[in-house]
1. Which is crowded, with 17+ Cβ neighbours inside 10 Å, outside any loop (DSSP other than H, G, I, E, B) and touching a helix residue (DSSP H, G or I) at 6+ places or on another chain (Cβ under 9 Å), of B:Glu143, B:Glu150?
2. Quick one: which strands (runs of 3 or more DSSP E) lie wholly within region A:34-78 and hold at least 2 residues that are modelled with pLDDT of 90 or more and in contact with a Phe, Trp or Tyr (Cβ under 8 Å, 6 or more places away or on another chain)?
3. Of the residues in region B:174-227, how many are free of Cβ contacts under 8 Å to residues at least 60 places away in the same chain and assigned to a loop (DSSP other than H, G, I, E, B)?
4. Among the listed residues B:Val66, B:Val32, B:Val44, which satisfies the condition of being touching a His at 6+ places or on another chain (Cβ under 7 Å) and β-branched (Val, Ile, Thr)?
5. Which of the residues spanning region B:243-283 are under 19 Å from B:Val174 (Cα atoms) and within 16 Å of the chain's Cα centre (by Cα)?
6. Based on what the data block shows, is B:Phe258 more than 26 Å from B:Pro147 (Cβ to Cβ) and part of a loop (DSSP other than H, G, I, E, B)?
7. Take the residues in region B:241-257 that are out of contact with any Gly (no Cβ under 6 Å at 6 or more places or on another chain) and within 12 Å of another protein chain (Cβ to nearest Cβ); name whichever of them is nearest to B:Ala271 (Cα to Cα).
8. In region B:176-192, is there at least one residue being of a type in the set (A, V, I, L, M, F, W, C), in contact with an Asp or Glu (Cβ under 8 Å, 6 or more places away or on another chain) and crowded, with 24+ Cβ neighbours inside 10 Å?
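The values are calculated or read from the model by the stated rules, or taken from the named source; none is laboratory data. Note that this is a predicted model, so its numbers are computed, not measured. Because the Cβ atoms are built from the backbone with ideal geometry, glycine has one as well, and the counts that use them run over all protein chains shown.
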Amino acid sequence: MAVEDVKLPDLGEDAGDMARVAFWYVDPGDDIESGDELLQMLTDKATFDVPSPVAGTIVELVADEDQEVLVGEVLCRIDTGD
Amino acid sequence: MSKASESATARRSPFPPWLRKRVPTGGEARRVRALLAELRLETVCSGAHCPNLPECFARGTATFMVLGDTCTRSCRFCAVPDDPPGPPRDAEPEAVAEAAARLGLRHVVVTSVTRDDLPDGGARHFARTIRAVRARLPKAAVEVLVPDFEGREADVATVCDAGPDLFNHNVETVPRLYPAVRPQADYRRSLDVLACARRLADGRDRPRFTKSGLMVGLGETGDEVRAVLADLREAGCGIVTIGQYLAPSKAHVPVARFVEPGEFADWESEARAMGFAAVAAGPFVRSSYRADRVYGECTGGATA
């Protein structure tokens, strides 16, 4: 079992590079493809959907709804099965 | 997305569903950021919290912002801070040219903060930057997005003499909303700046077009927007961009209305019918969003 951390990618926001979790589209146990939307996040100017960089099974949602997350922090963990 | 998540999204997000972006994974963003940091360059993308930044940086594009990252005005729509600015950096024009070359840009956009503290408003710094970029990238299109130089024609001429392909100056909003949105600016003065640049192009091959942009969703009426478009045409403006105003913070002017994508499409048709050579209208459109493609529309794709 190879578990990968999915981190908040670079959003480019100057104000601390932080976004708030709005809503998770997936639950632990869900099988997903690379590119599937994982969650929606909010910054001051838009909602962003964050796609999965890998295919696999969701192991753990690390960031909670309404939580503020910095760029580089872990959002969730995915078992890529390799 | 399932129905359940659609309604949950509607409850949680302050933005309408069409104001949603996908964060691109991969692409050039990391390289762009590293390059900007190395050359100590600012972008309006970052300074103004543009929601298109991840997309544009991933494409390897950015709009350089020169003359510092703080502004001598306090426009109520803008995220750029209004702290006292420092002296212009001598090496900056070359640094912009270096960055543009290393990014392999074919269309280079340079903007600035407003520098009312400088006698020429930064016009010579713009001119040096245009020339530095031209020297490094002779085939690139150069677009400048300038402040109003407090209406001084000599400073507009300084910029135009350096030969930018596109001279962009934003009117930003309709005249009635200037006191609330852009209190230190003047609508007529901005139109005069555009008309001046257009006049200076007579008998020369540059600037090829003048360009202006406005934000909607600030409380303007359709007729007011129509009147601005007509004024821009009368000033000889060839390109217009129209995008949704988004408030950078609670201290800025609040969003009056989220304009629907269909309405932007209507503005685009109307503007084209008024004779603009190119129009970009959409919720996330900004003055230099995909500037290369917008310019390509005017030139029939015949850009370098």
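1. Unique residue meeting the criteria: B:Glu143.
2. Of the strands (runs of 3 or more DSSP E) lying wholly inside region A:34-78, those with at least 2 residues that are modelled with pLDDT of 90 or more and in contact with a Phe, Trp or Tyr (Cβ under 8 Å, 6 or more places away or on another chain) span A:37-42.
3. 13
4. None of the other options fit; the residue is B:Val66.
5. Selection gives B:Gly243, B:Gln244, B:Tyr245, B:Leu246, B:Val279, B:Ala280, B:Ala281, B:Gly282, B:Pro283.
6. Numbers: more than 26 Å from B:Pro147 (Cβ to Cβ): yes; part of a loop (DSSP other than H, G, I, E, B): yes.
When the stated conditions are applied, B:Phe258 passes them.
7. B:Gly243
8. First, the residues of region B:176-192 that are of a type in the set (A, V, I, L, M, F, W, C): B:177, B:180-181, B:185, B:191.
Pick out the ones that are also in contact with an Asp or Glu (Cβ under 8 Å, 6 or more places away or on another chain) and you get B:177, B:181, B:185, B:191.
Next, from what is left, pick out any that are crowded, with 24+ Cβ neighbours inside 10 Å: none.
Within region B:176-192 (the criterion being of a type in the set (A, V, I, L, M, F, W, C), in contact with an Asp or Glu (Cβ under 8 Å, 6 or more places away or on another chain) and crowded, with 24+ Cβ neighbours inside 10 Å), the answer is no, since none of the residues qualifies.
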